[in-house]
1. List nothing, just return the count: lysine pairs in the range 303-409, 8 or more apart or interchain, with Cα separation under 22 Å.
2. Through the Karplus equation 6.51 cos²θ - 1.76 cosθ + 1.60, θ set to phi - 60°, convert the phi angles of the range 49-62 into ³J(HN,Hα) values in whole Hz; use x for Gly and Pro.
3. With each run of n ≥ 4 DSSP H residues scored as -39500 (n - 2.57), what mean residue ellipticity at 222 nm is computed for the chain after dividing by its residue count and rounding to the nearest 500 deg cm²/dmol?
4. Rounded to the nearest 5, what % of the DSSP beta bridges within the chain are antiparallel ones?
5. Can you give me the C-alpha center-to-center distance between the range 385-409 and the range 73-123, rounded to a whole angstrom?
6. Work out from phi, with θ = phi - 60° and the Karplus expression 6.51 cos²θ - 1.76 cosθ + 1.60, the ³J(HN,Hα) of each residue of the range 11-26, listed in order in whole Hz, and give x for Gly and Pro.
7. Which pairs break 28 Å Cα to Cα here: Lys51/Lys301; Lys166/Lys220; Lys51/Lys288; Lys51/Lys96; Lys111/Lys238?
8. Which of rounded, prolate, oblate describes the range 303-409, given a ≥ b ≥ c as roots of the alpha-carbon gyration tensor eigenvalues and a/c under 1.5 marking rounded, otherwise prolate only if a/b is larger than b/c?
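FYI, it's all coordinate maths here, none of it is from the lab. Keep in mind that what you see is a predicted model, and the values were worked out from it rather than measured. Cβ atoms come from the backbone with ideal geometry, glycine included; neighbour counts cover every protein chain shown.
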Amino acid sequence: MVESFDIGIVGGGPAGYTAAIHAGNQGKKVVLFEKDNIGGVCLNRGCIPTKTILHISELFQQIKNAQEFGISAENVDLDWSKVIERKNIVIEKLRKGIELALKNAKVFTIKAQAQIIDNKRIEAEGILYNCDKIICATGSSPKIIKGLEFDHEFLLSSDDILNLKKLPQSILIVGSGAIGIEWARIMSNFGVETTIVELAEHLLPLADVEVSKRIERIFKTQKINFYTQTSIEKIENKSITLSNGEMIKPEIVLVAVGRTLNMTKKIEGVQYIGDVSGEIQLAHFAIKQAIEQIDGINFIKDLTPSVIYGTPEIAWTGKREQDLEPHSYKKHFVLMSALGKAHCDSQTDGFIKILTQNDKIVGAHIVSAEASSLLQQVLIAMQNSISTDKLKEICFAHPTYSEGIFEALFK
Ligand SMILES: Cc1cc2nc3c(=O)[nH]c(=O)nc-3n(C[C@H](O)[C@H](O)[C@H](O)COP(=O)(O)OP(=O)(O)OC[C@H]3O[C@@H](n4cnc5c(N)ncnc54)[C@H](O)[C@@H]3O)c2cc1C
């Protein structure tokens, strides 16, 4: 039996479902294959569940430390099963929304493992699907490294940690990328003794080095332990020896050292979008690639924002200071402690750093409450080549964190 479609898409994560919905809404006959749950890693095992648990951990932390604001709460307790339940409710609600959007776009959604045969044919459960165009959006999975293979009990992946039966007393996190940093914050907020091991010279190795150093300073005050330029030497009976000779005995280990593409071999003529494209592994990048494919709306890949959630947020785009030649750029810098709003909210840790060349912004690096939204304002200016002089003409509301952008421009 053979069925024919305009577009066949394998993978129902942000890349795949966005492409399917947009193509379906254009009146195309679309078939989408998903072997697991619609929403992919982002909704089921990534962005959404981690940010839901992170939010709860911050709430817990705030309630426990509210004395500064004249609020005292005694016997603050945490029901971990409710944390997991809440996470599942959020996922479920959002998944229903995507499923409805697929239905409204008249996408044929098939729950099955699919195989792309060539650039015109997909096979699933013994049925062949002929497609004028094929999109592969099969995403990525936690990377397995030698000596740290997941046993799903002691050595956990970012998938495993989402369904812990109970909170551990202590955790070792291997890797300080976005996933490692966010989980360090979650665990530390919940009062778990948290240690990070990072091979690079600084935490968050992909960030501007001043951002990395600031996060290290903040982690020190938050009593999150970390070792940089350190690796795991050996693991014996749940005892971990580090390359610096130290030995630690965490209750669990989260291994967050990158992701492997879900692809065996590239097939010519097939479009690869999202994580599997091997470019930037972020949900919004996947979504923009899907829209580029289907609607032909291009985007500037170099202006993809990176955000690490938690308190304070960390967000950046464009050039880092270490990418630029000394004396070839201007650095505009303001500390959050200079802003009224930061004091009102007791969120004074961090800074806004804007790098310019010839009066145009080439990079922005923000450590602050609302950094994700602040960065978006700078991105609009960067995308449209708005000069810093033009930006100075804008009236920023007071008291806001946005004022920091305005203040930075005069520095
Ligand atoms: C812990 C964690 C936190 C994250 N937080 C963020 C964040 O805050 N912001 C952000 O932008 N990004 C975040 N990410 C990254 C983000 O989740 C990914 O970039 C995004 O999900 C990629 O989307 P995708 O559609 O390319 O692939 P995926 O989301 O991986 O989806 C691929 C889908 O394809 C399906 N599939 C694979 N092979 C087949 C097959 N042969 N047949 C049928 N179906 C198949 C899979 O089951 C999966 O559902 C996070 C990731 C993790 C792990």
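1. 20
2. Coupling constants for the range 49-62: x, 5, 6, 5, 5, 4, 4, 5, 5, 5, 4, 4, 4, 5 Hz.
3. Using -39500 (n - 2.57) per qualifying helix, the result is -9500 deg cm²/dmol.
4. Percent antiparallel among DSSP bridges in the chain is about 55.
5. Comparing the Cα centres of the range 385-409 and the range 73-123, I get a distance of 39 Å.
6. x, x, x, x, 5, x, 5, 5, 4, 5, 5, 5, 5, x, 5, 7
7. Listed pairs above 28 Å: Lys111/Lys238.
8. On the way: a/c = 1.69, a/b = 1.36, b/c = 1.24.
The shape class here is prolate.
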